[in-house]
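Q: Here it is: the structure, laid out below.
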Amino acid sequence: MTATTATLAAHQWRTEKTRQHERRLELEARRLELEALAIRRTALAHQQRMHWELLARAIDDPSLAEVIDTYDQSIPAERRRQFFYANAWYVHLYHLYQAELYNREELYTRLREFFQSPVFREYWEASRHNRASLEDSSEEAQVGRMVDGLVREIDEADTDEWWVVGDPPAD
């Protein structure tokens, strides 16, 4: 074996070892990303369960509902309880989006269904002041603006085929 051949073989061996090391690092980084995503989804699922449990208590017990009831008191108590339920559904859909189980288009499509309900639409309007307090650049505020646009599109639509109203956002 000549010195040139030996040098070339050594260079190729080092290059291969470097490539293998980089690949192991990439795989480890991906594993850590997937772990972080699983932890995030678990935390979101736990948070959603807690939200539902607390909200269910408020729906079932008007004295507990008073703690979180920020709706106009001229709205009948029964309607405010329906608003709590509508909020539970909205938060559920939003959490599916946050957990990346829905993309923005899927969220939009599901919400388009919910906004066929007059009670859900009334809830959205009655909770406008809650959304106004969100940080403008937050994901929740951005989704809220998307939903406001959806509501406008539904209002302006001149078709009974609600499932085709609006242009779902592309992710």
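Q: Given 0.36 nm per residue, what is the gain on full extension from ILE75 to ARG24 after removing their alpha carbon distance, in nm?
A: Going from the current span to full extension adds 12.3 nm.
Q: Helix 77-98 against the longest principal axis of the chain: what's the angle in degrees, Cα atoms only, rounded to the nearest 10?
A: 10
Q: Could I ask something else about it? Where the convex hull is taken over the Cα atoms of the range 16-71, what is its projected area averaged over directions, in nm²?
A: 5.0
Q: For ASP60 and LEU37, calculate 0.36 nm times their separation in residues minus their Cα-Cα distance, and state this gained length in nm to one decimal.
A: Gain on extension, ASP60 to LEU37, equals 4.9 nm.
Q: Once every DSSP H run of n ≥ 4 in the chain is given -39500 (n - 2.57) and the sum is divided by its residues, what mean residue ellipticity at 222 nm do you get, rounded to the nearest 500 deg cm²/dmol?
A: Mean residue ellipticity, 222 nm, calculated: -26000 deg cm²/dmol.
Q: Using Cα atoms only, what is the angle between the long axis of helix 104-114 and the major principal axis of the chain, expressed in degrees (0 to 90) to the nearest 10?
A: Tilt relative to the chain: about 20 degrees.
Q: Another question, if that's okay. So for each of 81-91, 145-155, 42-52 I average, over its residues, the number of other beta carbons within 10 Å; can you give me the resulting order with the highest mean first?
A: Per-residue mean Cβ counts within 10 Å order the peptides as 81-91, 145-155, 42-52.
Q: Could you list log10 I(q)/I(0) for the chain at q = 0.09, 0.11, 0.16 Å⁻¹, which the Debye formula gives when each Cα is one point scatterer?
A: So the normalised log intensities work out to -0.47, -0.61, -1.04.
Q: At a 1.4 Å probe, what is the % contribution of carbon and sulfur to the accessible area of the chain?
A: The nonpolar share, carbon plus sulfur, comes to 55 percent.
Q: Further question: Give me the percent relative contact order of the chain, please, defined on Cα pairs under 8 angstrom at least 6 residues apart.
A: Relative CO of the chain lands at 19 percent.
Q: Is the shape of the range 91-140 best called rounded, prolate or oblate, per the rule: a/c under 1.5 gives rounded, else a/b larger than b/c gives prolate, else oblate, with a ≥ b ≥ c the square roots of the Cα gyration tensor eigenvalues?
A: Since a/c reaches 1.5 but b/c is at least a/b, the shape of the range 91-140 is classed as oblate.
Q: Roughly how many Å² is the accessible area per residue of the chain, as a whole number, for a 1.4 Å probe?
A: 68
The values are calculated or read from the model by the stated rules, or taken from the named source; none is laboratory data. The model shown is predicted, which means the values in this text are computed figures rather than measured ones. No Cβ is skipped: glycine too gets one built from the backbone with ideal geometry, and neighbour counts run over all protein chains shown. Just so you know, the surface numbers come from the protein's heavy atoms only, side chains and all, with ligands and any DNA or RNA stripped out. Shrake-Rupley method; radii C 1.70, N 1.55, O 1.52, S 1.80 Å.
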